[in-house]
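Contents: one structure, followed by commentary.
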Amino acid sequence: MAALPSQVAILSKASEKTRNQRGEPFRIQQTTRNESVQRGIIKALALLLPCALVACNPFVSSQEENIVSQGDGLATQSAVAQGRYRTSALFHAQVLLDRAGFSPGVIDGKQGQSFTLALRGFQTARQLSVTGKLDDPTRAVLLKEQNAVPTLMIRISASFANGPFVPSLPKDTARQAKLARLGYRNVMEALAERFHTTQETLLTLNAPTTLIGAGTIIRVPNIGKPDMTGIDPDRPEWRDTLVSLGVSAMQPMADRIVVDKSDGALRVFDANDDLIAQFPATMGSKHDPLPIGRWKIQGVSYNPTFHYDPKLFWNVSDSKDAALLPPGPNGPVGIVWIDLSKPHYGIHGTPEPETIGRAESHGCIRLTNWDAARLAQMVHFDTPAMFQP
C-alpha cells in the first residue's frame with residue numbers, strides 16, 4: 001500500500017452545513033457501528049452486564065465521579081456528582097493498561113488475547129512475573145502508577161454532537177472518492193473512538209434508553225485527558241485528531257520498534273532498550289505475508305489521503321478503477337500512515353478497531369486509530385523497525 005502524505009483540509013462552513021446532521025439526539029441503541037446489529041443486542045448485553053463491566057469488584061472501591069473538562073469541548077467544568085458505580089476488575093485493568101501505554105485494544109471488559117498480551121507486556125516492562133494474568137502484584141503496580149477510577153461522567157457539547165458526520169458512508173471506493181472526508185458516521189462512533197471502546201460498551205455503561213445529543217451526560221472509560229503540550233503549532237488538524245482520539249501529544253521517544261508476528265504485538269523500546277509501549281496489531285496474511293526483516297521509518301503522513309490501486313490487492317479485480325480516497329478515520333488506513341523503507345508498506349490505523357488482532361491485512365501493520373496516533377508521536381525519521389516471525 002502507499003498513501004500520499006497530505007493534510008486534511010478544513011471543511012468550509014458551506015460544505016459543513018450540507019454534510020452535517022445537526023443537534024438531533026437519538027437513542028443509544030440505534031447507533032451501533034455495524035448496521036446489521038439488531039436492537040435485540042440491548043437485551044443480550046443486559047444479561048451479560050453482571051459478569052462483564054459491572055461485576056462485584058475488589059480491585060476498586062466505588063467512588064463518586066464528577067464531570068471534568070476533557071480539553072475538547074466534550075465536557076464542562078461543572079462538578080455535578082453522579083451516583084456510585086462499580087466496574088469489573090478486568091474493565092478497570094484495561095483502562096489502566098491503556099493509560100500506561102500497553103494497549104488492550106478496545107476497552108470492553110472482556111477477557112481476550114489482546115488483554116492477555118497487554119498484561120504480559122506490562123509485566124515484562126515492570127519486571128514482574130510474566131503470567132499474562134491479572135494477579136495481585138500486577139494489580140498493585142497498575143493502581144500505584146495510574147491511580148485512576150475506571151469511568152467518569154462527561155457532558156456532550158453541541159460542537160461534538162454536531163460533527164460533521166457522514167451517516168451514509170458508502171462502501172464503494174468510487175463513491176468514497178467523491179466525498180470531502182471519510183468521517184465518523186454518527187456521534188456514537190465518534191464517542192467510541194474518543195474513549196478507546198466500542199459502541200456496545202457505551203450502551204452497557206449507560207441506560208439503553210439514553211438519548212445521545214448535545215447536553216447529554218454519559219459514563220465513559222476514564223482513559224485520561226489528552227495533553228497537547230509540545231504539539232507542532234503548524235499542524236492544527238493533527239492536534240484536533242489527537243484530541244478526538246484522546247491521545248496526548250507528549251509521548252516517550254522510540255529508539256526502535258519490533259513487530260512480532262508470533263504474538264501479534266508491536267513493541268516500542270527506548271534508548272536504554274527498555275520496553276516503553278506495546279500495541280496489538282494485525283499484520284499480513286497468507287496472500288500478503290508480513291515482510292520479515294530490518295526496515296526503517298521513512299516519515300509520517302498525518303490524516304493522509306489514500307491512493308487506492310486495485311493491482312496491489314489480491315482480492316480486488318484489476319478491472320476496478322484506481323481512486324484517491326479522502327482522509328478520515330473511516331478511510332482504509334485510518335488517521336495516520338507511518339511509512340516504511342519497504343515500498344508500499346506502512347503502519348497505519350483502521351476504521352474497524354474491534355478487528356485488530358482478529359483479521360488479516362494486505363501485508364501492512366494495522367493498529368487502532370488511537371494506538372497508531374500514539375505511535376506516530378513516538379517515532380521519527382530513520383527509527384529502526386524489526387519485523388520478526
>> Please compute the length gained on full extension between residue 143 and residue 128, using 0.36 nm multiplied by the number of residues separating them and subtracting their Cα-Cα distance.
In response: 4.0 nm
> What does the accessible area per residue of segment 98-197 come to in Å², with a 1.4 Å probe and no ligands, DNA or RNA counted?
Replying inline: 41
>> Let me make sure I get this right: for segment 140-297, a, b and c are the square roots of the gyration tensor eigenvalues over alpha carbons, sorted descending. Under 1.5 in a/c it's rounded, otherwise prolate if a/b > b/c, else oblate. Which is it?
In response: oblate
> Fully extended, how many nm does the chain gain between residue 380 and residue 158 (0.36 nm per residue separation, minus their Cα-Cα distance)?
Replying inline: 76.3 nm
>> If I model a spin label at residue 135 and residue 358 as a point 7 Å from the Cα along the Cα→Cβ vector, what separation in nanometres do I get?
In response: 2.8
> What translational diffusion coefficient, in µm²/s and rounded to a whole number, does the Stokes-Einstein relation yield for segment 178-225 at 10 °C and a viscosity of 1.306 mPa s, taking the hydrodynamic radius as the Kirkwood radius over Cα pairs?
Replying inline: 134
> Rounded if a/c is under 1.5, else prolate if a/b beats b/c, else oblate: with a ≥ b ≥ c from the C-alpha gyration tensor eigenvalues square-rooted, which is segment 330-382?
Replying inline: oblate
> R0 = 56 Å: FRET efficiency of residue 235 with residue 207, Cβ-based, nearest 0.05?
Replying inline: 0.90
> Using the beta-carbon distance between residue 253 and residue 292 and R0 = 30 Å, what value does 1/(1 + (r/R0)^6) give for FRET efficiency, to the nearest 0.05?
Replying inline: 0.70
> Counting Lys +1, Arg +1, Asp -1, Glu -1, what net charge surrounds residue 116 among other residues with beta carbon under 12 Å of its beta carbon?
Replying inline: +2
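The values are calculated or read from the model by the stated rules, or taken from the named source; none is laboratory data. Worth saying up front: this structure is predicted, and the values here are computed from it rather than measured. Neighbour counts run over all protein chains shown; Cβ positions are idealised from the backbone, glycine included. Surface areas here come from the heavy atoms of the whole protein model, side chains and all, with no ligands, DNA or RNA. Shrake-Rupley method; radii C 1.70, N 1.55, O 1.52, S 1.80 Å.
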